[in-house]
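These notes concern the structure reproduced below.
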Amino acid sequence: MKPTIKTLISLSLASAAGSLIAAPDPGERISFVSCPIVRDTVSVPCWLSDYDGDTYYLTIQSDVSATVQPPLLGHQVLVEGVVTDEPAICGGIVMEDVHLTAMPELDANCNTMLPVDERYVIDFNPRPPGPSAGRLAFDPAPGTPRVEPPPPEGPQTFDIYFDFDKGISFRHPRFLQQIFTTAGKLKPSRMTVTGVRGAHLLSNGTLLQEAQNTGRRRAEEVAGLLQDAGIEVNTDIKWIDARAEADGIDDWQSRRVTVTLTP
Amino acid sequence: MENDSGLISTQNQWNFSEMKIQTKDHHRLWLVIFTMTACFNSYGQTAQQAMASRSDLWWAPGEDRPLPAYIEYANDYGRVGLLNASGTIITDGHPFFEPLGSNGRGCVTCHQPSDAMSISVPTIQQRWQDTHGADPLFAAIDGKDCPNLPQGEEESHSLLLKRGLFRVALPWPPKNAEAEFDIEVVRDPTGCNTDPVYGLDGERHEISVYRRPRPAINLRYVSSSSFGVSPFIGKTGMLATLDPDTGRPVNMNMMADARDVTLKQQAQSAAHGHMEVAQPLTPAQLSRIQEFELQLYGAQAWSNGGGALNEPGGPSGIGPQAMANGSDGVLGNNTTRYVFPMENKWADLPEGSSEEEASRNAFLESVQRGHDNFFYRTFWIKDATHINTVGLGNPIKRTCATCHGMHMTGMDTANGWMDLGTTNYPWALEPPESPWSQEAPEMPLFKVSCRADLPPHAFLGRTIYTQDPGRALISGKCEDVGAIVIQQFRGLSARAPYFSNGSAANLRELVDFYDRRFNIRYTEQEKTDLVNFLSIL
């Protein structure tokens, strides 16, 4: 999906007129860097961020199985999402296809914690703030049959996505494990690992680029981990660290490593 | 605290008769001697006799007395019980109990039965008095602040005598990882880190940090890798260390910095680094140590305030027998398994028909409240690396059990090093620096400078001051600076002080640290309840 004309107009106006711009319409993509805000509730806290005069709802606290995981106070957050017309949550505009990544440098200004406000009630929290009922919030329900993927045939390609400027982290064990498991079945003769330096086109027109050697650093780290884990095949390590362009559409996917296993 | 009421157990499995001997030790006013006449039904034991006299309290390597199938030792809060599931251990010739080292030490030197198989400061101080510093416990290699200091002078052993800390000398830079940071010595009260031989820039290229020995009980739980352990560590994505015997990843939760990950590795490493053995331990010796450690359980068995802790009908997760019965590798931060199962057995107890019973019930209710506080009381956990950085957000509104989630032990089920601030500025215990303070810093202080071309530490930036870089000395990772592996909660009453650097002298200081660190604002009642709860584990 490419930016709509309206989005482009909004982008140019945003840079020129700032707060005069009205809240984006449902369906519009939005991308910005701002401080996250945590608001307490009587159950789990919710996460918000202010941008351009509006407050956006980002996610709630859940557990490590959440698809959208909360940001970090002490850091700005890079937000990508598509505005919806759903009722506000915690006072914030609701987005879908939300992707959050903490910016790596510390920012002491990002330290806003709001107290419980009875107007804001989280009634859909999949996990309370204390002990769980025995399983992770977003794990399949007990008894859900596990579907085994078919045996791999031919070259297998995996994309691993990263936080801004960052390398391997808590996000990656299951993806690394998937590659490792596939390699065990496929018995590849070659592995290609390509790291990419990402970029973002923000809603205000700013092009945000990752640090210069990020693609190489990621490729070498991922290749090293997979080799040390036991994938001992000829490995090509490549990277794309040239100045990256971005179009504001799913730019989070630009921060990646692609691994290809070739039989 | 005296331990003078109701000491004859009425448990089903064991009958004790006991007598008490007053000692000069202020920390152990009473020493309990048990004569076990019971049968240890569950393990098929015959009658055992467990004698503990004042001189018996210290277990010197090379003694050939047996370690009974079950024995209790007094502490400030009651008695800790040790249970050998395989029955009486014949220690004569046993590698855990023999002085294998050239310095006269054995494993038991620093893993004393009376101290829940760790060693407490009162025990260390008593041993100093009894031997005038001549015991192998005070060996130069790590029982002194630095090996080059005069042997046998109290000042040379200050960290061991005051805080129960042994010197741990680690290579710098790390042997098996690329360092993402440089280290400078900012403060060196022991003199070791600036020494021309032992210092950071010395001949040996070592860094000296000072740590408490961990308790060698319940290691079936500690070494279990059946939950949350995979080739790639869940919290960081890095590779988990493999068990060299099985080739499988392990939880790495045994040591403060996770440098040795199996019981055999730890034993071999300790034999070399603490006992100064001439030759590596043999496979047979290592297997025997491992076998012993995997069948040994320990927990507080008697509470001065609450009486017997493992009576029939009581909580299923309390007492040494519960540890022997429990399942390892289970996540307990949930309402199906619980971390420390208590089934509300001590909630809403009757007032009691006597003053003694009323007092006991009031104490047990306090314990129950402490448990509930541990399990349910939320607070903001903020800026703690490897908990706030693993996808939960910073801060998170959670409870003690979020991090201390392993069923029965309160450890982490998965690879569990975190930075709570016990060794890192600004939270580490430091004396006040002012013109009016006479208190001198005891711990070294290092400045860690993380590489500018890599992302900074998530909460401390690129310049970190620390008393002990913890896991980072092994991984080389900036994000691991000050991260320490969570340890078990069992036998706490027997083995003060707490935290890897001994910075909490007692259970109250331990609770106070968390209160201060996370701005919890516990009430006095909550603190008392938590201390009481911790004291019975």
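Structure notes:
- Residue, nearest to the other protein chains (Cβ to nearest Cβ), within the stretch B:311-351, restricted to residues that are out of contact with any Pro (no Cβ under 9 Å at 6 or more places or on another chain) and among the hydrophobic types (A, V, I, L, M, F, W, C): B:Leu331
- Matching residues in the stretch B:456-476 - criterion: being surrounded by fewer than 23 Cβ atoms within 10 Å (Cβ to Cβ) and at negative phi: B:Pro456, B:Phe459, B:Arg462, B:Thr463, B:Tyr465
- Considering residues of the stretch A:187-204 that are among the hydrophobic types (A, V, I, L, M, F, W, C) and surrounded by 18 or more Cβ atoms within 10 Å (Cβ to Cβ) only, the residue nearest to A:Asp251 (Cα to Cα): A:Leu201
- Residues that are of a type in the set (Asp, Glu) and part of a helix (DSSP H, G or I) occur at least once in the stretch B:361-375.
- Index of the failed condition, A:Arg255 passing every other in (1) more than 20 Å from the chain's Cα centre (by Cα); (2) in contact (Cβ under 8 Å) with a residue 40 or more places away in the chain; (3) closer than 17 Å to A:Ile160 by Cα: (1)
- Counting only helices (runs of 4 or more DSSP H) that fall entirely inside the stretch B:80-169 and contain at least 3 residues that are not small (Gly, Ala, Ser), the qualifying elements are B:107-110, B:121-131, B:158-163.
- Test result for B:Thr422, part of a loop (DSSP other than H, G, I, E, B), under 17 Å from the mean Cα position of the chain (by Cα), among the hydroxyl-bearing types (Ser, Thr, Tyr) and within 14 Å of chain A (Cβ to nearest Cβ): no
- Among (1) over 25 Å from A:Thr41 (Cβ atoms); (2) surrounded by 13 or more Cβ atoms within 10 Å (Cβ to Cβ), the one test that A:Glu153 misses: (2)
- Taking the criterion of being buried (at least 18 other Cβ atoms within 10 Å of the Cβ) and in a strand (DSSP E or B), the residues of the stretch B:171-183 that qualify are B:Phe181, B:Ile183.
- Of residues in the stretch B:376-388 being of a type in the set (Ser, Thr, Tyr) and outside any loop (DSSP other than H, G, I, E, B), the one farthest from the other protein chains (Cβ to nearest Cβ): B:Thr385
- All positions within the stretch B:209-238 that are touching a Gly at 6+ places or on another chain (Cβ under 9 Å) and within 14 Å of chain A (Cβ to nearest Cβ): B:Phe227, B:Gly228, B:Val229, B:Pro231, B:Gly234, B:Lys235, B:Gly237
- Count of the stretch A:121-167 residues which are away from chain B (no Cβ under 14 Å), assigned to a loop (DSSP other than H, G, I, E, B) and of a type outside the set (Gly, Ala, Ser): 15
- Neighbours by Cβ (under 6 Å, 6+ apart or cross-chain): first from the stretch B:421-432, within 18 Å of B:Ala458 (Cβ to Cβ); second surrounded by fewer than 21 Cβ atoms within 10 Å (Cβ to Cβ): B:Gly421/B:Trp427; B:Gly421/B:Arg517; B:Tyr425/B:Tyr465; B:Trp427/B:Arg517
- Taken over the stretch B:278-298, the residue count meeting the criterion of being of a type in the set (D, E, K, R) and surrounded by 16 or more Cβ atoms within 10 Å (Cβ to Cβ) is 2.
- Qualifying residue in the stretch B:253-276 (condition: within 14 Å of chain A (Cβ to nearest Cβ), aliphatic (A, V, I, L, M) and crowded, with 24+ Cβ neighbours inside 10 Å): no
- Filter result for A:Val193 (within 14 Å of chain B (Cβ to nearest Cβ) and of a type in the set (Val, Ile, Thr)): no
- Within the stretch A:105-120, the set of residues being within 14 Å of chain B (Cβ to nearest Cβ) and charged (D, E, K, R) comprises A:Glu105, A:Asp107.
- Filtering B:Gly87, B:Gly106, B:Gly93 for residues that are crowded, with 24+ Cβ neighbours inside 10 Å and within 27 Å of B:Ser287 (Cα to Cα) leaves a single hit, B:Gly106.
- Filter pass, A:Val233 being touching a residue at least 24 places away in the same chain (Cβ under 8 Å), out of contact with any helix residue (DSSP H, G or I) (no Cβ under 7 Å at 6 or more places or on another chain) and either farther than 30 Å from B:Tyr338 by Cβ or away from chain B (no Cβ under 14 Å) (or both): yes
- Of all residues in the stretch B:254-290, those satisfying the criterion of being over 20 Å from the mean Cα position of the chain (by Cα) and of a type in the set (D, E, K, R) are B:Glu276, B:Arg288.
- When B:Val186 is tested against (1) surrounded by fewer than 21 Cβ atoms within 10 Å (Cβ to Cβ); (2) in contact with a helix residue (DSSP H, G or I) (Cβ under 7 Å, 6 or more places away or on another chain); (3) of a type in the set (Val, Ile, Thr), only condition (2) is not met.
- Applying the condition of being of a type in the set (Phe, Trp, Tyr) and touching a residue at least 24 places away in the same chain (Cβ under 8 Å) to the stretch B:434-470 and asking which residue is farthest from the other protein chains (Cβ to nearest Cβ) yields B:Phe446.
- Counting only residues that are among the β-branched types (Val, Ile, Thr), assigned to a loop (DSSP other than H, G, I, E, B) and within 12 Å of chain A (Cβ to nearest Cβ), the stretch B:394-417 holds 1 of them.
- Just one of the numbered conditions (1) in contact with a helix residue (DSSP H, G or I) (Cβ under 7 Å, 6 or more places away or on another chain); (2) buried (at least 16 other Cβ atoms within 10 Å of the Cβ) is not true of A:Trp252: (1).
- Every listed requirement among (1) surrounded by fewer than 21 Cβ atoms within 10 Å (Cβ to Cβ); (2) within 13 Å of chain A (Cβ to nearest Cβ); (3) over 30 Å from A:Ile168 (Cα atoms) is met by B:Gly391 save one, (3).
- Per the conditions (1) on the phi < 0 side of the Ramachandran plot; (2) modelled with pLDDT under 95, the sole criterion not satisfied by B:Gly228 is (1).
- The listed residues are B:Gly247, B:Gly237, B:Gly202, and the only one of them that is within 24 Å of A:Ile179 (Cβ to Cβ), free of Cβ contacts under 8 Å to residues at least 12 places away in the same chain and either under 26 Å from the mean Cα position of the chain (by Cα) or surrounded by fewer than 19 Cβ atoms within 10 Å (Cβ to Cβ) (or both) turns out to be B:Gly247.
The values are calculated or read from the model by the stated rules, or taken from the named source; none is laboratory data. Because the structure is predicted, anything quoted here is derived from the model rather than measured. Note that each Cβ is placed from the backbone with ideal geometry, even for glycine, and that neighbours are counted across all protein chains shown.
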